[in-house]
1. Calculate the FRET efficiency for K36 and L490 from the Cβ-Cβ distance with a Förster distance of 30 Å, rounded to the nearest 0.05.
2. Order of V423, V520 from fewest to most other C-beta atoms within 10 Å?
3. If you place +1 on the Cβ of every Lys and Arg and -1 on the Cβ of every Asp and Glu, how big does the dipole about the Cα centre of the chain come out, in debye to the nearest 20?
4. Pull up all non-local amide H partners of G123: gap of 5 or more, or a different chain, and H-to-H distance under 5 Å with H placed in the peptide plane.
5. With a ≥ b ≥ c the root eigenvalues of the C-alpha gyration tensor of the range 272-311, is it rounded (a/c under 1.5), prolate (a/b larger than b/c) or oblate?
6. Local charge sum around A206 (other residues, Cβ-Cβ under 12 Å, Lys/Arg +1, Asp/Glu -1)?
7. With charges only on Cβ, +1 for K and R and -1 for D and E, what is the dipole size of the range 454-556 about its Cα centre, in debye, rounded to 20?
8. At what distance in angstrom do the alpha carbon centres of the range 253-321 and the range 322-382 lie from each other?
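Where a number appears in this text, it was derived from the coordinates with a stated rule and is not lab data. Remember, it's a predicted structure, so these values are computed and weren't measured experimentally. So basically every Cβ, Gly included, is an ideal-geometry build from the backbone, and we count neighbours across all protein chains shown.
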Amino acid sequence: MLLVAAVTVAPHALSQNLLPKPKSVTWQHGTFSRYKACAVEAANATVGKLAAEAGLPDVTAEGDSTWTEAGVRRLRYLALDASAGEEAYTLRVAPDTIEIAASSTAGFRNAKATLRQLEVKRGVACCTISDAPALGWRGAMLDVSRHFFPIEFVKKQVDIMARFKMNRLHLHLTDAAGWRMEIKRYPRLTQLGAWRTEASWKKWWAGNRQYAEEGTEGAYGGYYTQEQLRDLVAYAAERGITIVPEIEMPAHSEEVLTAYPEFSCTHEPYKQADFCPGNEATFTFLENVLREVMDIFPSKDIHIGGDEAGKASWPTCPLCQKRVADEGLADSNALQGYLVRRIGKFLREEGGRTLIGWDEVLADSLQNATVMIWRDTSYIRQAFAQGLDVVLAPGRFCYIDGFQDDPPSQPEAMGGFQPLSNVYSYQPLAGFSAEERKHIRGIQGNLWTEYVPTTEHVEQMLYPRLLAIAENGWTGGEVKDYDDFRARALLAVEELRDEGVNAFDLKHEVGDRAESRTPVEHLGRGAKVTYNLPFNERYCADGVTSLTDGRRGGWDYGPRSAWQGFIRGQRFDVTLDLGKTQELSRIVTNFYQSSGPEIFLPAEYIISVSTDGEHFTTIHSRSQAVEKLTNPSVEQWEWKGTTEARYVRVQAKPGQYGGWIFVDEVEIY
Ligand code: ACM
Ligand code: ZN
């Protein structure tokens, strides 16, 4: 009788090393030892070449007959049916053989990344893996305009991204805060447009927003030479990553229009953020710039920005108005669509490239373009209706410039609470039909750097949140197990930190606001609330029951949170009916403040009580000057004393900045 060795198929501790999670893994006992000789073989010359291109060991042992003897260990490359997907691979690790099958360099590269994660002390853990990504675009965007980061640092991020099977690095190369790519034809873009008078974006933006000549004292900024960028492109390509360049138009272009004011409507420096789409010279400029961009970046997709155009100068510009008339456009707003279509055509005809832009590019009759969704996901449907592809980067899940942890403990951030769990929770494919899914090219995490001045801070913001993007892009994010993901992310963070990457210390994550985790019991629970002034429809929380439902808000104040918003300039004014007169000793109102989105603490706060609902007595009032604090915080404003009442009226009035008042609960004890 033959004895068959037991094979473990239960999840192995090593599963925790695998990120993104492969489609299928079966563990076996044993390891392929790294200390013994090993022959490298290929089933055919093609796979041998693909594997070598992927950076796997080359087939060098050919002709050495010792390798073909029985018992010799092998690393063997095999062909995989292309129907498994271009990036697919299978991997079989046994004590005497590693077999990798793939149909492309990318497939072998993915296998190599997995092998690295299978490494144990003495070798590679035995297993069988069959794997392929759900989505083809697994990207990160780095904003190198608001703050500038050296090319070596960008390469370091490429290395990290490749380990997690990411394949697009989108560089936001141009914006008001600095132009970052050498353009030979227009040297002023970098001589002036790449330098500013303040290192801190925040100070510069709040201050005079002046540019500085390259080399002058105190000038902050920098740019990448074309040589550096070519080198970066090659470096990234070797690691399976395409660098996607973004050149902003028609807006976010203050730096261009100060260096070359003739491309704005008024021809004055320091006046415009938007190009003049009425002027033919603008198109000559943009096309010349894009020619140099296409020369450096082989990416099929060329990002043209397109977001947040103010269009302020277009209605009164004679050239713009002439263009509106000549082209039969509805109004000057339609000039954006004109520009985007024209640039798309140029990229296609001149370079065989495809336009990709932020979702504002969804101008009528745009064709052969990819839309990068950043605002509301409703724009996805709009893109599909126009037959366009999308890359998904909705701010709610994919912007990694928000606070990663408890805001009072974190460096200043753009706003919003964006912990790892929230990034991970994104389901990019949910709600879309099989047909629609074909138009979802992938997902991307975006790091804007207004508040991210240093390389250390960039890494702190990127990792581990980018790993959640990598995982959701690879798996499609349909099956969620946050505990499992977090355990893997913790190991990845430890490894990155050991290697000198300043990843956020996930192990010591504080998490969401403690008060939000359990409901609060108080006398007012369930009390009927009369809104003497209405809450905002968008920030409605749970509606009329929200302030007395015991649910306290976390750090997210968004529309699905427990925070109810009261609109600009209006008072917060509610009356609670406790059902019967009773003795009260304490009343607490929780106020959220975050000066970025203009949510402020009140300037005035009044509590009055009544037994009949008509005659109210003020028992507490408080007034203060409103301050703009840097990081979000929550304050509990409290009255303590003794009173008898059935009705409690709470009023709060905004201060000198107007803005919003946000309340989650009025607690009565
Ligand atoms: C963007 O966040 N303005 C694309
Ligand atoms: Zn104009």
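1. E between K36 and L490, to the nearest 0.05, is 0.40.
2. Ascending Cβ contact count within 10 Å gives the list V520, V423.
3. Dipole about the Cα centre, nearest 20: 880 debye.
4. R34
5. Verdict is oblate for the range 272-311.
6. +2
7. About 660 debye.
8. 14
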